[in-house]
Amino acid sequence: MPRFNSDSDVLIATVGRPHGVRGLVHLHAATDDPASVETLGVLHDGQGRAWTARWISAGVAALTDADGQDLPDRTAAERLVNAKLYVPRTVLPETGDDEFYHADLIGMTAVSEDGDVLGTVSVVHDYGAGVSLEVDRGLIVPFTLACVPHVDLAKREVVLVPPVEVEVEGDLSGEVQVRA
């Protein structure tokens, strides 16, 4: 299996800390449905080593290498902490209209409505309260139709309309109202 290819590989999961002493790991899925990490089949790390994942419990997995061997112990699991696991883009299902893989957005040129270049999308954040795009020049915008009205996959370009100002009202210990 070849090494990681940024043009064709998509991050599926990151290996976290070991779980117990028998070679299990905490596995952080980068997918909407963590079960897909297991169903996608063979994953590969940045060095090209092949792995398959089998969920043992929520967030805990057994990793099996290309020879069919599970990680034998905690020490082997510790050596994989922070390893990124990928699949080729061609293995993933096609997206629907107005659906995008994070990997599709990273590296796109961000432009204003007037066509001025604002930078390059460097990170797609998803902390659970909604996705946002970060541009390499420090701009972060919510990934909503109001702030990102157009994504052109063919041109590798996104149109951004940054909010002019965000105003937070209220006491942070109670109900908070946000106005843009």
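We did not get these values from a lab; they are worked out from the coordinates using the rules stated. A quick note: this is a predicted structure, and the numbers were derived from the prediction, not measured. Heads up, the Cβs are rebuilt from the backbone with ideal geometry, glycines too, and the neighbour counts pull from every protein chain shown.
Miscellaneous remarks
- Screening Gly46 on (1) out of contact with any Lys or Arg (no Cβ under 8 Å at 6 or more places or on another chain); (2) in contact (Cβ under 8 Å) with a residue 24 or more places away in the chain; (3) within 29 Å of Glu134 (Cβ to Cβ) shows it passes everything except condition (1).
- Of all residues in region 15-29, none are touching a helix residue (DSSP H, G or I) at 6+ places or on another chain (Cβ under 8 Å), within 16 Å of Val91 (Cα to Cα), among the small types (Gly, Ala, Ser) and touching a residue at least 40 places away in the same chain (Cβ under 8 Å).
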